[in-house]
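Data block below; observations after.
Readers should treat all values here as calculations from the given coordinates under stated rules, not as data from a laboratory. Model, not experiment: these values are computed from the prediction. We place every Cβ from the backbone using ideal geometry, glycine too, and count neighbours over all the protein chains shown.
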Amino acid sequence: MRSFEVEIGIVAPMDRANVDTDLIIPKQFLKAIGRSGFGAYLFDSIRYMDEGQPGQDCTGRPLNKEFPLNQIRYKNASILLARENFGCGSSREHAPWALEDFGFRCIIAPSFADIFYNNCFKNGLLPVVLSSEVVETLFQKMYAEEGFRLVIDLENEIVKSIDGVTEIPFEVDSFRRKCLLEGLDEIDLTLKSKDRIREYEDLKKQNSPWLFQSNT
Amino acid sequence: MSGQTLYDKLWMDHLVEERDDGTSLIYIDRHLLHEVTSPQAFEGLRLAGRNLWRRDSNLAVPDHNVPTDLTERQGGIEGIVDATSQLQVQTLEDNCVDFNVKQIPINDERQGIVHVVGPEQGATLPGMTIVCGDSHTSTHGALGSLAHGIGTSEVEHVLATQCLVQTKMKNMRIDIFGSLQAGVTAKDVALAVIGQIGTAGGSGYAIEFAGQVVRSLSMEGRMTLCNMSIEAGARMGMIAVDSITIDYVRGRPYAPKGELWERAVKSWKKLCSDNDAIFEREIRIDGASIEPQVTWGTSPEMVLPIVGRLPSPEDATDSTKKEAIRRALEYMDLAPGTPVSDIPVDRVFIGSCTNSRIEDLRQAAQIIKGRNIAASVKQALVVPGSGIVKTQAEAEGLDKIFLAAGMEWRAPGCSMCLGMNSDTLGDGEHCASTSNRNFEGRQGFGGRTHLVSPAMAAAAAVTGYFTDVREFLGSDSI
């Protein structure tokens, strides 16, 4: 997995609460059997004026000019500023895949849906929880200043203004932080406990043998 | 020391290892797979040269992409018209062969929506940890199990290690006391709960549903309730084991038999919260206060009783909520103050992992029997949750009732809940749907979803508008 240490980037808005994973990546794109190429269809139903199809070349599609990610001032944004309960709905990991593939490395919101939050960390994408008041202030600053950028420092768990004057602390649990900082493979880490897993299974086979019946 | 909640007990029983960083390794008993969220996980195993940790924990079934049209369905995988859907279903089959995973194939009678199939086959048992790459895995908590949705990376993690790295959730109990009015079902309870606590109300919590109303629900109703925990923001919802649970599991194909059954039942009876257990948050709702519900907007929390009127952006106190109401009314093409019963219905969908079990179909059939769908209703789909449900419904003559009313009787699958197959809404169409999400475009580009119970969907099909199902009830209540 791609590691994350510090991100310095342009901030783009997704200024509505309860952004669901159907909005992030509509269902027709879930038919793909690969992991890449979802960025072209990120927010497809509100980013384009027509209905997108999987595998479609999006270069000629009519754009929704009102949509921030289509506006020149947010070009190359790598930090998404969002509202409450971002990523609610389905467990589709295609949502973080699409955000990451588009070029986002960090999402800031007052709250995230649990499954989406968890999925982000598996894909080099950092979700940062800040208070509603702080997020509101960031929205105002972003709208006021074209090219508004922020510094996201995961090592020190701080969001900084580009001049370094303002520092806003955030928290990430230490396991996820370590995995993201070092780009660790979680399966490798778990397999280090394989003897412990076998012990657990042996005990469980004694106590609850019906859980180990063969299905075939 | 205070007692343990049901969630605490299930957690402790599956704890493999606690780590210094506050995370825990949790053992997974049952892993369910479907075609949409598994291909990249199997590919990940291949790339890393890993194999399955425990083959017989896994059970796969195609459901999201499968056609429900009876003719198209007869052709099996080769007969799927949409080439990308066909490839995905074929990929599941190939992966199951390569990794020797048990798959219930597309035209096996046991095939169906994964969250209907698991409990139906007894692959879901009380006391298990159950995961699946699908957020509605919360359904299985109805059997007193710890069940939740995971992303594809975690699907791969479970395939390779039989474990997940987890942080313990907080405990919430939702106590629905008293009894329900006639015509009010588990779906109305679920929607009323979401209306009260909001779609983020359960974030960070494991919900336990309790109270007399929950104890009185059938297993089908309990599954409907736990299914929609995720729409309340909670990854998992669960219900303590009682005789209704045990009677449901008895005799199912994957359930233990003989002496093992006796041992299992003895252990399952402990699967309830202790009297002195502590919940960080408790909600109490009077069952008698719940009326038939209809969602009007683009989030499940935008819900009203059938007798209600649509809100205005001015009703909200903060600017984000005002904007959410304004945007939802605009998307749904509805005006503030409109009575819910004035909203017209273009299509009706009875199905999904929320409401496609035999009891759901019986409730819909009871309303539709001897009536016809309104001329203004373009289509009314009835999609059973599994082949077993379909066979049972046909044995009871329910299919004949639906067909006589002008409804369509389909083959099992996820269907119009998310429209990954060809069952979709047209741009701008309003749908009375028994599914679980009314997000923008969920059932089709520009489609407008209203979530309701099966009985309310049937009533809407008859009149062409959302209609209080209580007006249809004779002496036989639902």
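Phi-derived couplings, Karplus 6.51 cos²θ - 1.76 cosθ + 1.60 at θ = phi - 60°, listed residue by residue for the stretch B:375-386: 4, 6, 7, 6, 7, 10, 9, 10, 10, x, x, 7 Hz, with x used for Gly and Pro. Distant-in-sequence amide contacts of B:L146, defined by a placed amide H-H separation under 5 Å and a gap of 5 or more residues or a different chain, comprise B:G127, B:M128, B:T129, B:I130.
The stretch B:324-366 and the stretch B:177-209 have Cα centres spaced 17 Å apart.
Quick one: order B:C96, A:C88 by neighbouring beta-carbon count within 10 Å, fewest to most.
In order of increasing Cβ crowding within 10 Å: B:C96, A:C88.
Of the chymotrypsin sites (Phe, Trp or Tyr not before Pro) found in the stretch A:1-75, no site is in coil according to DSSP while having at most 13 other Cβ atoms within 10 Å of its Cβ.
Its Kirkwood hydrodynamic radius, worked out from the mean inverse distance over all distinct Cα pairs, puts the protein assembly as shown at 25.4 Å. Taking the helices alone, chain B has a mean residue ellipticity at 222 nm of -9000 deg cm²/dmol, built from -39,500 (n - 2.57) per DSSP H run of at least 4 residues and averaged over all its residues. With R₀ set to 30 Å, the beta-carbon distance separating A:D202 from B:R50 gives a calculated FRET efficiency near 0.85.
Summary value for chain B: 17 percent relative contact order, contacts being C-alpha pairs under 8 angstrom separated by 6+ residues.
In this structure, the amide hydrogen of B:G202, modeled 1.01 Å from its nitrogen in the peptide plane, lies closer than 5 angstrom to those of B:G233, B:A234, counting only residues at least 5 positions away or on a different chain. Number of Lys-Lys pairs in the stretch A:6-212 with C-alpha atoms under 30 Å apart and a separation of 8 or more places or on different chains: 24.
Within the protein assembly as shown, antiparallel bridges make up roughly 30 percent of the DSSP beta bridges whose residues both belong there.
Distance between Cα centroids, the stretch B:111-151 to the stretch B:247-296: provide it in whole Å. Cα centroid to Cα centroid, the span is 13 Å. Rounded to whole Å, the principal axis extents of the Cα atoms in the stretch B:261-416 read 59, 54, 28, largest first.
Computed from phi, the 3J(HN,Hα) profile of the stretch B:50-65 under the Karplus parametrisation 6.51, -1.76, 1.60 (θ = phi - 60°) reads 9, 10, 6, 6, 8, 3, 7, 7, 9, 9, 10, 8, x, 8, 5, 9 Hz, with x in place of Gly and Pro.
Among the GluC sites (Glu not before Pro) in the stretch A:127-180, those located in a DSSP loop and surrounded by at most 15 other Cβ atoms within 10 Å of their own Cβ are A:E145, A:E146, A:E155, A:E157, A:E171.
Computed over chain A, the per-residue total of -39500 (n - 2.57) for DSSP H runs of n ≥ 4 gives a 222 nm mean residue ellipticity of -8500 deg cm²/dmol, rounded to 500. GNM on chain A, alpha-carbon springs under 10 angstrom: the most fluctuating residue among A:M49, A:M142, A:M14 is A:M49.
Membrane-span-like helices in chain A, defined here as complete DSSP H runs extending at least 27 Å along the helix axis by their C-alpha atoms with mean Kyte-Doolittle hydropathy no lower than 0.0, are absent; this is a sequence and geometry rule, not a statement about a membrane. Our note on the geometry: Cα centres of the stretch B:422-478 and the stretch A:72-149, 33 Å apart. In order along the stretch B:15-32, the phi-based Karplus estimate (6.51 cos²θ - 1.76 cosθ + 1.60, θ = phi - 60°) of 3J(HN,Hα) comes to 7, 8, 7, 9, 10, 5, 7, x, 8, 9, 9, 10, 7, 10, 7, 10, 10, 9 Hz; Gly and Pro are listed as x.
Extension gain, A:E136 to A:R149: 0.36 nm times the residue separation minus the Cα-Cα distance gives 3.1 nm. The calculated Kirkwood hydrodynamic radius for the stretch A:6-212 is 18.6 Å, given to one decimal from all distinct C-alpha pairs.
Taking amide hydrogens as placed 1.01 Å from N in the peptide plane, the amide H of B:Q103 sits under 5 Å from those of B:A60, each at least 5 positions away in sequence or on another chain.
Semi-axes of the equivalent ellipsoid for the stretch A:117-209, computed as √(5λ) from the eigenvalues of its C-alpha gyration tensor and ordered from largest down, come to 41, 14, 10 Å. By the compact-protein rule of thumb, 2.2 N^0.38 Å, the alpha-carbon radius of gyration of chain B corresponds to a ratio of 0.94. Over the stretch B:1-144, the hull volume per residue, using the convex hull of the C-alpha atoms, is 133 Å³.
Charge dipole of chain A (Cα centre as origin; +1 on each Lys and Arg Cβ, -1 on each Asp and Glu Cβ, all else neutral): 540 debye, rounded to the nearest 20. Which percentage, to the nearest 5, of the DSSP beta bridges contained in chain A is antiparallel? Of the beta bridges lying entirely in chain A, close to 50 percent run antiparallel.
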